[in-house]
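In what follows, a single structure is set out as structure tokens and then discussed.
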Amino acid sequence: MRFQAAEMFAARLRPPQAARALRVSRKSAYAWHADWREGGMEALRSKGPSGVASRMLPSWRAWLAGALDEGPAAHGWVEDQRWTLARISVLVARRFHVRFSRPQLSRIMREMGFSVQVPVHRAAERDEKQVAHWREETWARVERR
């Protein structure tokens, strides 16, 4: 859109006219016009994402991906084999001496290609024979109705 606006400015359209044509705010059109006047089309190029760069360096991400592939037991969690954000946070803090909030760590994990996985929970008291009997007898009667 910024480049289309630049073409309009070059054709002597005023910022309000460009704003109407492109369906953007007048404020944006005036800002683009000022940038275009100062530096031409090059000044309207994207400057990348705004905000502070992540403290999670690319080399750290590579190490973390390898550590996650090793599994929790390789890093001292033997009670179960699930990675949680709390465990990953501890792992990163131990290695790099940096703490990330859980939402920030969740975003980093998604950027790295990891997704949330919810384990299937089965009751320890589950009796497979009773479940099979219920399916064959009780459910069959209920389903017929």
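Select the helices (runs of 4 or more DSSP H) contained entirely in region 1-59, then report the ones holding at least 2 residues which are within 30 Å of Arg107 (Cβ to Cβ). Talk me through it step by step, then tell me what you get.
Details: elements: 2-10, 15-22, 26-39.
Fully inside region 1-59 and qualifying: 26-39.
A search for C-beta distances below 6 Å between a residue of region 104-127 that is at pLDDT 90 or above and any residue that is open to solvent by less than 50 Å² (accessible area, probe 1.4 Å) and assigned to a loop (DSSP other than H, G, I, E, B), counting only pairs 6+ apart in sequence or on different chains, returns Ile108/Met56.
Across region 1-28, the qualifying residues are those that are surrounded by fewer than 13 Cβ atoms within 10 Å (Cβ to Cβ) and hydrophobic (A, V, I, L, M, F, W, C), and the one among them that is nearest to Ser46 (Cα to Cα) is Phe3. Contact map, region 25-43: residues that are closer than 18 Å to Ala11 by Cβ paired with residues that are of a type in the set (Lys, Arg), Cβ distance under 8 Å, separation 6+ or inter-chain. Pairs shown: Trp32/Arg2.
When Gly66 is tested against (1) in contact with a helix residue (DSSP H, G or I) (Cβ under 8 Å, 6 or more places away or on another chain); (2) open to solvent by less than 50 Å² (accessible area, probe 1.4 Å); (3) among the small types (Gly, Ala, Ser); (4) in a helix (DSSP H, G or I), exactly one condition is not met: (1).
The values are calculated or read from the model by the stated rules, or taken from the named source; none is laboratory data. Fair warning: this is a prediction, and the values are worked out from it, not measured in the lab. Neighbour counts run over all protein chains shown; Cβ positions are idealised from the backbone, glycine included. Remember, those area values only see protein heavy atoms, side chains included, never the ligands or the DNA or RNA. Shrake-Rupley method; radii C 1.70, N 1.55, O 1.52, S 1.80 Å.
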